[in-house]
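So the structure is just underneath, and the comments pick up after that.
The values are calculated or read from the model by the stated rules, or taken from the named source; none is laboratory data. Treat the numbers as computed from the prediction; the structure is a model and nothing was measured. Backbone-built Cβ (ideal geometry, glycine too); neighbour counts: all protein chains shown. Each accessible area value is taken on the protein alone, full model and side chains, heavy atoms only, with ligands, DNA and RNA left out. Shrake-Rupley method; radii C 1.70, N 1.55, O 1.52, S 1.80 Å.
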Amino acid sequence: MKEIEQKLVVSKEDLEKVFNALAPQDFKRKHYPRAYFDTLDMKLNERKVALRIQKMAKGFQQTIKAAMDNEGDSLVRAEWDFEIDAHAPNKAVIDNAETLKAVEGINFDQLVHIFTSDVKRRYFDLAVDGGMVELAFDLGRIYLPNSDIDEELCEIEVELKSGDPHIIGATAKRIQSIAPSAKLSMRSKAERGFDLYMKHRL
């Protein structure tokens, strides 16, 4: 699957302001902390690939994302999800050539838990100019395991679901009209987490 989205970093106050202005009554919620894995020498991160695992209502989900060429202010990534039985990276479940290429040469036995993105999300679909975007309001933190090192996360994601990609930018501008301090960010949660790890690792 191809994911196209823009991220806006906001204050908690502005996140609530935008949410109250745009959210319908039937919005959804989820809270699945996501553990990100890599080798100690960051082989996945070097090739702009992220592997994360989250516990679901039943079992676990392994997600692999690979960065593609960005489109203007939009982040573009390939994304693949796989159901797994345990909270540990599993190469055996990968069943397509694209994903196998993204992790080619990676020894899954050497993957370790680098950081966790622990975010509470409220989200809903919004119709825009004949298309659809998903608005996600994320509030939480990124932290390194077995430490008190963390970083607050407060952002709004605008992801294309259908229609012309220009509606992503149009929606971002609408958000900024409600909260002028909202700033576009080209840093994914994975990038923020790995930067935090690189900053503090011994």
Has the range 77-94 got any residue that is closer than 30 Å to A21 by Cα and outside any loop (DSSP other than H, G, I, E, B)?
yes
Looking at L126, L139, can you tell me which residue is in contact with a Leu (Cβ under 9 Å, 6 or more places away or on another chain), closer than 22 Å to G163 by Cβ, modelled with pLDDT of 95 or more and not in a loop (DSSP other than H, G, I, E, B)?
L126
Counted residues in the range 104-121 being surrounded by fewer than 18 Cβ atoms within 10 Å (Cβ to Cβ) and not in a helix (DSSP H, G or I) come to 8
Take the range 155-168 and flag every residue that is open to solvent by 20 Å² or more (accessible area, probe 1.4 Å) and either part of a helix (DSSP H, G or I) or over 23 Å from D125 (Cα atoms) (or both).
H166
What number of residues in the range 10-20 are touching a residue at least 24 places away in the same chain (Cβ under 8 Å) and either open to solvent by 60 Å² or more (accessible area, probe 1.4 Å) or at positive phi (or both)?
2
Exactly one of L100, L40 is open to solvent by 50 Å² or more (accessible area, probe 1.4 Å), modelled with pLDDT of 95 or more and more than 15 Å from the chain's Cα centre (by Cα), and that one is L100
Check on R47, out of contact with any Pro (no Cβ under 6 Å at 6 or more places or on another chain) and open to solvent by 80 Å² or more (accessible area, probe 1.4 Å)
yes
State all residues of the range 133-149 that are over 17 Å from the mean Cα position of the chain (by Cα) and open to solvent by 60 Å² or more (accessible area, probe 1.4 Å); if no residue qualifies, say none.
N146, D148
Could you identify the single residue in A21, A50, A57 that is of a type outside the set (V, I, T), at pLDDT 95 or above and farther than 30 Å from S177 by Cβ?
A50
Give just the number: which of (1) free of Cβ contacts under 8 Å to residues at least 40 places away in the same chain; (2) more than 26 Å from D38 (Cα to Cα); (3) open to solvent by 50 Å² or more (accessible area, probe 1.4 Å); (4) not in a strand (DSSP E or B) does S181 not satisfy?
(1)
Could you tell me which of the residues I94, I84 is in contact with a helix residue (DSSP H, G or I) (Cβ under 9 Å, 6 or more places away or on another chain), without any contact (Cβ under 8 Å) to a residue 60 or more places away in the chain and more than 16 Å from F194 (Cβ to Cβ)?
I94
Of the numbered conditions (1) surrounded by 17 or more Cβ atoms within 10 Å (Cβ to Cβ); (2) more than 16 Å from the chain's Cα centre (by Cα), Q62 fails exactly one; give the number of that condition.
(2)
